[in-house]
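Below is one structure; the comments refer to it alone.
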Amino acid sequence: MQWLERHVPKLVLAPSFVAVLIFVYAFIGWTAWISFTRSRLMPNYEIVGTIQYERLAASPRWETAMTNLAIFGILFILVSMVLGLLLAIFLDQKIRTEGVLRTIYLYPMALSLIVTGTAWKWILNPGLGLESMVRGWGFETFAFDWLINPDKAIYTVVIAGVWQASGFVMALFLAGLRSVDAEIIKAAQVDGIPTHRIYSAIIIPSMAPIFLSAFIVLAHLAIKSFDLVVALTGGGPGYATDLPATYMYAMAFSRGDIGQAASSAMVMMGVVFAIVVPYLYSELRAKHD
Amino acid sequence: MRLKSVLAASVAALAFAPLAHAEPQAEVLHWWTSGGEAKSVAVLQQEFAARGGKWTDMPVAGGGGDAAMTALRARVLSGNAPTAVQLKGPAIQEWFEEGVLADISAVADAQGWAAVLPASIAGHMKCGDIWCAAPVNVHRVDWIWANKALLDKHGIAMPTTWDEFNAAADKLKAAGVTPLAHGGQAWQDATVFETVVLGLGGADFYRKALVDLDKDALTSDTMVKAFDQMRTLRGYVDANFSGREWNLATAMVMNGEAAFQIMGDWAKGEFVAAGKVPGTDFLCASTPGDGYLYNVDSFAMFKVDGADKIEGQNLLAELIVGQNFQKVFNMNKGSIPARTDVALDDFDACAKLSAADMGASSAGGSLLPSYAHGMALRGAQAGAITDTVTAHFNSDMSSADAVKMLAEAVANSM
């Protein structure tokens, strides 16, 4: 009986542990192996060295994809956090219809990215959406053609992504704002400290863990971002809005170039690790202290 | 052993046909799931059933066949390949090299395929010395479609050289008509590009550059001119072309918003479905220059076990290349039969033109595989070229830079 009590948690966890071991870590290992082969249509297990990574480095399309990831990732995370924080602070002013507003702002998160992408594709299409509407009002020179401009198209992905995610970030921050000790705030108010100082000097610094969580969630959303680009721009114009994930998909599933796809997947994983490992490290260290 | 079982199966089929001791089985993986295409496949199913076969349909829609290829990979890796798979171009030989394709030479020889198929198309159906795939149709890619009323109104004849095309387009543009209906998707950019290369460089240059990937041809002045022409064409499309589907571009020609479209003959299906008549409402002609770019759909036959399945496979191959299916299927789909001995009386004028040109270019050595539609090159190489073409078309890259990038991309894809 005692044996059972001791071992039940382990037994219950074992299947999912084994599943994770195989379907996550074993397949990461498999992908790593494939990335060092010349696999084309089908996997080929003969290791030939770093040729796939050299091809990756020489590919202008991959360069575009990584540049886009940097632009999209930084802007998406930054703008979502700033907007989310502002919305949370405004909602935190004990307003009457907070419940309704919160739901409205959070609602985009309930949509699939495909729907978001398609809707924004129509909104941003110069011939159908915003541009033609404003021109219809008589502003004939109004131009907003970022969607079809290869240099600007990646920013439309940022717009749609921010629209989708900032409500969720707002919810995170709102919870953070509510968790700040009300006594401290009241004490500050009694001392006559202006509201913006209360926020910038007391509340926001005490929410540091929330910032970190929001950052991690947004960062991995940005890196694995795929469906938004597919629905919004299809990677175009040309391949101007390609992201690493869409590059990987094209190589693996359209072009029969599995080795190349595997190497790009490994680089993507490297980027995720570069962000997540310091976070995990700090978390673990905090526990040990 | 396998040959024996094939013989045994065919003998058994002949001797005991009414008894149907083991009905022929075929599992067919394809992505013809849209209206007209599904109807076309149903014809094959009915014929197969009429001959006593049992058809297991395995349609996998999505991604222009990407999803089907993923399904195929999984099936082959698990050692349970479908009987026949919709595959085309060098992908057939690529799968053959994986050692998973079957030999259907017995059927091909008995049916005399070599005599009725154009030589260059027959070449795609062979893996080494054996037949391993059956062709379904021939789509011509280098078509230019036009709105007849618009051309008449502006006094423009169908262009026969790119210079004539440019002159006509300038005239239309000055009159406020979009000269070229185009969808800004990479494969559509590539489709236009290959017709330009063929038109400006001729058949031999096309073969050297886009089939043999000869470095000198890829970096030649002719290729620079081809990119120059692409830049000129960029000026003839409307502002909203990015990401547009090809059938919406066809609709622009239909509605008189644009004059021309360069697209394969699946565009004809759109015109006909809208009740337009070739010759009166719209015009079809080959794109400027000589030659013929084909896109041939075919079924590759995979190795299967069991006499009933092998029998089904052979029956399927026979029916696919059979006169009746070739005619009915292609009338539905807008393409022309791959075999040259099918009576074309019921086909429209564009199809007859396509068949006549195919015969002539086959004799003249200018019957060429389309690179943009996966007939000429393997996926990685074709993709590398398309990346360059679409990057050039959608930016202000110079033609000289594009040619340099093209050669590098092709070398990097090997």
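The values are calculated or read from the model by the stated rules, or taken from the named source; none is laboratory data. Please read all numbers here as calculations on a predicted model, not as lab measurements. Here the Cβ is made from the backbone with ideal geometry for all residues, glycine too, and neighbour counts use every protein chain on show. Note: areas computed on protein heavy atoms with side chains; ligands, DNA, RNA excluded. Shrake-Rupley method; radii C 1.70, N 1.55, O 1.52, S 1.80 Å.
Hey, can you tell me all the residues within segment A:233-250 that are aliphatic (A, V, I, L, M) and either outside any helix (DSSP H, G or I) or more than 8 Å from every other protein chain (Cβ to nearest Cβ) (or both)?
Hits for segment A:233-250 are A:240, A:243, A:245, A:248.
Condition first: within 14 Å of chain A (Cβ to nearest Cβ) and part of a helix (DSSP H, G or I). Can you find one or more residues in segment B:331-353 that meet it? Steps first, answer last, please.
Of segment B:331-353, the ones within 14 Å of chain A (Cβ to nearest Cβ) are none.
No, segment B:331-353 has no match at all.
Whether any residue in segment A:83-105 is under 22 Å from residue A:157 (Cβ atoms) and either basic (Lys, Arg) or not in a helix (DSSP H, G or I) (or both) is what I want to check.
no
Output the residues belonging to segment B:49-81 that are among the small types (Gly, Ala, Ser), buried (at least 20 other Cβ atoms within 10 Å of the Cβ) and part of a helix (DSSP H, G or I). Let's see the steps before the verdict.
Here is the first cut: in segment B:49-81, the residues among the small types (Gly, Ala, Ser) are B:49-50, B:52-53, B:61-65, B:67-68, B:71, B:74, B:78-79, B:81.
Of the ones still in play, those that are also buried (at least 20 other Cβ atoms within 10 Å of the Cβ) are B:53, B:65, B:68, B:81.
B:65, B:68, listed by residue number.
Identify, by number, the condition in (1) assigned by TED's automatic domain parsing to the domain that holds residue B:380; (2) assigned to a helix (DSSP H, G or I) that residue B:109 doesn't meet.
(1)
Of the residues that sit in segment B:384-407 and are of a type in the set (D, E, K, R) and surrounded by fewer than 17 Cβ atoms within 10 Å (Cβ to Cβ), which one is nearest to the other protein chains (Cβ to nearest Cβ)?
Among residues in segment B:384-407 that are of a type in the set (D, E, K, R) and surrounded by fewer than 17 Cβ atoms within 10 Å (Cβ to Cβ), the one nearest to the other protein chains (Cβ to nearest Cβ) is B:396.
Tally up the residues in segment B:82-94 that are of a type outside the set (D, E, K, R) and either within 12 Å of chain A (Cβ to nearest Cβ) or open to solvent by 40 Å² or more (accessible area, probe 1.4 Å) (or both), please.
Matching residues across segment B:82-94 total 6.
Which residues, counting only those in segment A:120-141, are outside any helix (DSSP H, G or I), more than 12 Å from chain B (Cβ to nearest Cβ) and open to solvent by less than 70 Å² (accessible area, probe 1.4 Å)?
A:138
What are the residues in segment B:152-184 that are more than 19 Å from residue B:290 (Cα to Cα), assigned to a loop (DSSP other than H, G, I, E, B) and of a type outside the set (Gly, Ala, Ser), if any?
Result: B:154, B:156, B:177, B:182.
Any residue that is among the acidic types (Asp, Glu) and in contact with a Lys or Arg (Cβ under 9 Å, 6 or more places away or on another chain) - is there at least one of those in segment B:62-80?
no
Residue check: is residue B:109 among the acidic types (Asp, Glu), within 26 Å of residue B:308 (Cα to Cα) and in contact (Cβ under 8 Å) with a residue 24 or more places away in the chain? Show your work before the answer.
Values: among the acidic types (Asp, Glu): yes; within 26 Å of residue B:308 (Cα to Cα): yes; in contact (Cβ under 8 Å) with a residue 24 or more places away in the chain: no.
For residue B:109, the condition - among the acidic types (Asp, Glu), within 26 Å of residue B:308 (Cα to Cα) and in contact (Cβ under 8 Å) with a residue 24 or more places away in the chain - is not met.
Which residue pairs have Cβ atoms closer than 7 Å, lie 6 or more positions apart in sequence or on different chains, and pair a first residue in segment A:37-50 that is closer than 14 Å to residue B:378 by Cα with a second residue that is open to solvent by 30 Å² or more (accessible area, probe 1.4 Å) and part of a loop (DSSP other than H, G, I, E, B)?
Close Cβ pairs (under 7 Å, with a partner that is open to solvent by 30 Å² or more (accessible area, probe 1.4 Å) and part of a loop (DSSP other than H, G, I, E, B)) amount to A:41/B:98; A:42/B:98.
Could you list, ordered by first residue, the pairs with Cβ atoms under 6 Å in which the first is in segment B:356-371 and closer than 25 Å to residue B:187 by Cα and touching a residue at least 24 places away in the same chain (Cβ under 8 Å) and the second is aromatic (Phe, Trp, Tyr) and surrounded by 13 or more Cβ atoms within 10 Å (Cβ to Cβ), at least 6 apart or interchain?
B:357/B:292; B:358/B:292; B:361/B:292; B:367/B:292; B:368/B:206
Out of segment B:175-208, which residues are without any contact (Cβ under 8 Å) to a residue 12 or more places away in the chain and under 17 Å from residue B:409 (Cα atoms)?
Hit for segment B:175-208 is B:208, nothing else.
Among the residues of segment B:121-161, count how many are outside the structural domain of residue B:82 (by TED's automatic domain parsing) and open to solvent by 10 Å² or more (accessible area, probe 1.4 Å).
Residues that pass the stated criteria total 13.
Of all residues in segment B:82-103, count the ones that are out of contact with any Asp or Glu (no Cβ under 9 Å at 6 or more places or on another chain) and not in a strand (DSSP E or B).
Residues in segment B:82-103 being out of contact with any Asp or Glu (no Cβ under 9 Å at 6 or more places or on another chain) and not in a strand (DSSP E or B): 14 in total.
Would you check if residue B:148 is within 14 Å of another protein chain (Cβ to nearest Cβ), touching an Asp or Glu at 6+ places or on another chain (Cβ under 8 Å) and closer than 29 Å to residue B:350 by Cα?
no
Out of the residues in segment B:363-380 that are open to solvent by 20 Å² or more (accessible area, probe 1.4 Å) and closer than 18 Å to residue A:59 by Cα, which is nearest to the other protein chains (Cβ to nearest Cβ)?
B:379
Provide a single number: the residues in segment B:220-249 that are more than 14 Å from chain A (Cβ to nearest Cβ), more than 19 Å from residue B:198 (Cβ to Cβ) and out of contact with any Lys or Arg (no Cβ under 9 Å at 6 or more places or on another chain).
Total meeting the criteria: 1.
Cβ-Cβ distance below 7 Å, separation of 6 or more or different chains: which pairs start in segment A:221-236 with a residue that is within 13 Å of residue A:125 (Cβ to Cβ) and β-branched (Val, Ile, Thr) and end on one that is open to solvent by less than 10 Å² (accessible area, probe 1.4 Å) and part of a loop (DSSP other than H, G, I, E, B)?
These pairs meet every condition: A:233/A:241.
The conditions are (1) part of a helix (DSSP H, G or I); (2) at pLDDT below 90; (3) within 10 Å of chain B (Cβ to nearest Cβ), and residue A:259 fails exactly one of them. Which is it?
(2)
Considering (1) surrounded by 16 or more Cβ atoms within 10 Å (Cβ to Cβ); (2) charged (D, E, K, R); (3) within 11 Å of chain A (Cβ to nearest Cβ), say which one residue B:97 fails and leave the rest.
Just one mismatch for residue B:97, condition (1).
Could you check segment B:209-285 for helices (runs of 4 or more DSSP H) lying wholly inside it with 1 or more residues that are touching a residue at least 40 places away in the same chain (Cβ under 8 Å) and of a type in the set (Val, Ile, Thr)?
In segment B:209-285, the matching helices (runs of 4 or more DSSP H) lie at B:221-234, B:246-254, B:266-273.
Within segment B:233-260, count every residue that is over 27 Å from residue A:229 (Cβ atoms) and open to solvent by less than 50 Å² (accessible area, probe 1.4 Å).
The number of residues fulfilling the criteria is 8.
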